[in-house]
Amino acid sequence: MYNAKAVITGILIFLVLCTSPFWASRTGKDYTKTGIVLPKDEKNCVENRDFMRAEHMRLLNEWRDEALRRENRLYTATDGRKWNISLQNTCLKCHNNYKEFCQKCHVANSVYPYCWTCHIIPGEKNQ
Amino acid sequence: MNKSRRSFLKVAGLSVFALSSGMAAAPGTAGAQIAPGSYGRGESALHAKRWAMVIDTRRFAGPEDYKPLIEACHKVHNVPDIPDAQNIKWFWLDSYEHTFPDDMNTYLDAKTRSASYPLLCNHCTNPPCVRVCPTQATYKMEDGIVAMDYHRCIGCRFCMAGCPYGARSFNFKDPRKFLPATVPNPGFPTRMIGVVEKCTFCAERLAVGQMPACVEASKGRLLFGDLEDEKSGVRQALASNFSIRRKPSLGTQPGVYYLI
């Protein structure tokens, strides 16, 4: 093989670089948590934690359509509890710390929903 | 292998039928509900087949009398006061000529002609704004209320061109800049720059068993109720008084009646 030393070294370096993320994750350093602060007074959200984590945005969209278009402003959860459908008056009652809850996770995930151009963050002063 | 055209068509037809019926039986995923719970209406919610309003203008002495109504409306809905042509109008006043331009009576009594008339969204039976909205951001609900979904509004302003009553306002500026630092009603959202807004007949208040804010502030001079219920206050007021509506010749069938 012509120039075998250089070629094989090159391939090795390439492989190490390619797989470096996997090695880096092996160092034991945990995935950085977003560090969100959960509401203190309430233990359970409308539905269970996994569902809310994965689907809260779709649930909110559905709530919006049900409330605004079909006048269904009452949501009965799987555990039988009844909730008034309102982002501002129901969700934000418990999740009243925007900076430590909504924002931390949204920024970590690079999503910038524009809920707050209209909906009012509790305690927030405009301008 | 000796397959006739006839037998081939038979098998093909049967296969297509079997496939299509199988697909029809499969659960559709597009329109499926996401939430595991169920939706319903609140126990205290007010219901009607067709909400309507009757405004007894005879019992208002002048424009000052309408002030508490306008203030109540604007406070409940965080409506800003922008002091120029870009103002946001939910409930406002105008002259007789502008309110009832169809009336050609030259020798109308001075009192009727010089009075101010309260204007708001007419919540038409045939709303032109709903027909022209390209995103269905505005729509008619089954109780007759013409509602707005600001999430969906793209600010094209077709509805403003479509509305013959000027009942829609565009947010040329960020409305929050014209509201006090703490909004008047923290329980209701504001709007954002670039969306159209209008009176909602207080759908959010009806849902919790309250009358619209202006009706509540009017001390009985504004009536609100079900137009299809013969015993309702609005129907009785219409049955025993002469009433007019704005621009009836357009056929939009407004839900706001004026007792003159």
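Which net charge results for the neighbourhood of residue A:47, defined as the other residues with beta-carbon distances under 14 angstrom from its beta-carbon, given Lys and Arg at +1 and Asp and Glu at -1? Net charge around residue A:47: +1.
The magnitude of the dipole of the protein assembly as shown, with charges of +1 and -1 set on the Cβ of Lys/Arg and Asp/Glu and taken from the Cα centre, is near 1300 debye. When B:6, A:49, A:69 are sorted by how many other C-beta atoms sit within 10 angstrom of their C-beta, beginning with the fewest, the order is B:6, A:49, A:69. What is the local net charge at residue B:52, summed over the other residues whose Cβ is closer than 11 Å to its Cβ (Lys, Arg +1; Asp, Glu -1)? Residues close to residue B:52 contribute a combined charge of 0.
Calculated FRET efficiency, residue A:43 to residue B:7, Cβ-Cβ distance, R0 = 45 Å: about 0.10 to the nearest 0.05. Residue B:161 sits among other residues whose Cβ lies under 15 Å from its own Cβ, and their net charge, with Lys and Arg +1 and Asp and Glu -1, is +4.
For segment A:37-127, GluC sites (Glu not before Pro) are listed when DSSP marks them as loop and at most 11 other Cβ atoms sit within 10 Å of their Cβ; the list is A:42.
Here segment B:82-130 is treated with +1 on each Lys and Arg Cβ and -1 on each Asp and Glu Cβ, and its dipole about the Cα centre works out to around 120 debye.
Taking the square roots of 5 times each eigenvalue of the Cα gyration tensor of segment A:49-117, largest first, gives ellipsoid semi-axes of 22, 14, 12 Å.
Counting neighbouring beta carbons within 10 Å and listing from fewest to most, the residues B:227, B:222 come out as B:227, B:222. Computed from the C-beta positions of residue B:135 and residue A:25 and an R0 of 45 Å, the FRET efficiency is 0.55 to the nearest 0.05. Toward the positive end of the charge dipole of chain B, with +1 on the Cβ of Lys and Arg and -1 on the Cβ of Asp and Glu, the farthest Cα among B:224, B:170, B:60 is that of B:170. Quick one: plug the Kirkwood hydrodynamic radius of segment B:63-211 (C-alpha pairs) into Stokes-Einstein at 37 °C, 0.692 mPa s, and report D in µm²/s. Using the Kirkwood radius from Cα pairs, D works out to 199 µm²/s. Each eigenvalue of the Cα gyration tensor of chain B, multiplied by 5 and square-rooted, gives one semi-axis; in descending order these are 46, 23, 20 Å. Remark: for residue pairs A:82/B:177; A:125/B:89; B:49/B:177; B:89/B:231; A:43/B:75; A:93/B:177, the C-alpha separation exceeds 30 Å in A:82/B:177; B:49/B:177; B:89/B:231; A:43/B:75. P(r) tail for the protein assembly as shown, what percent of Cα pairs lie past 34 Å? When every Cα pair of the protein assembly as shown is considered, 46 percent fall beyond 34 Å.
A simple rule links phi to the HN-Hα coupling: the Karplus curve 6.51 cos²θ - 1.76 cosθ + 1.60 with θ = phi - 60°, which for segment B:163-175 gives 6, x, 10, x, 8, 10, 10, 9, 7, 5, 10, 5, x Hz, with x for Gly and Pro. Our helix-only sum for the protein assembly as shown, with -39,500 (n - 2.57) per DSSP H run of n ≥ 4 divided by its residues, gives a mean residue ellipticity at 222 nm of -9000 deg cm²/dmol. Projecting the Cα atoms of B:51, B:236, B:119 onto the charge dipole of segment B:51-259, computed from C-beta unit charges around the Cα centre, puts B:119 farthest toward the positive end. Within chain A, all pairs of alpha-carbon atoms sorted by distance into 10 Å bins from zero give the percentages 10, 30, 24, 11, 11, 8, 5, 1. When only DSSP loop residues count, what GluC sites (Glu not before Pro) in segment B:90-198 have their Cβ near at most 13 other Cβ atoms within 10 Å? Answer by residue number: B:142.
Counted residue by residue at 0.36 nm each, then reduced by the alpha carbon distance between them, the extension gain from residue B:108 to residue B:67 reaches 12.2 nm. The largest-to-smallest principal axis extents of the Cα set in segment B:114-178 are 40, 35, 21 Å. Considering only beta bridges that DSSP places wholly inside chain B, some 80 percent are antiparallel.
Every read-out reported here was derived from the displayed coordinates using simple, explicitly stated rules and does not represent laboratory data. Owing to the predicted nature of the structure, the values given are computational and were not obtained by experimental measurement. Heads up, the Cβs are rebuilt from the backbone with ideal geometry, glycines too, and the neighbour counts pull from every protein chain shown.
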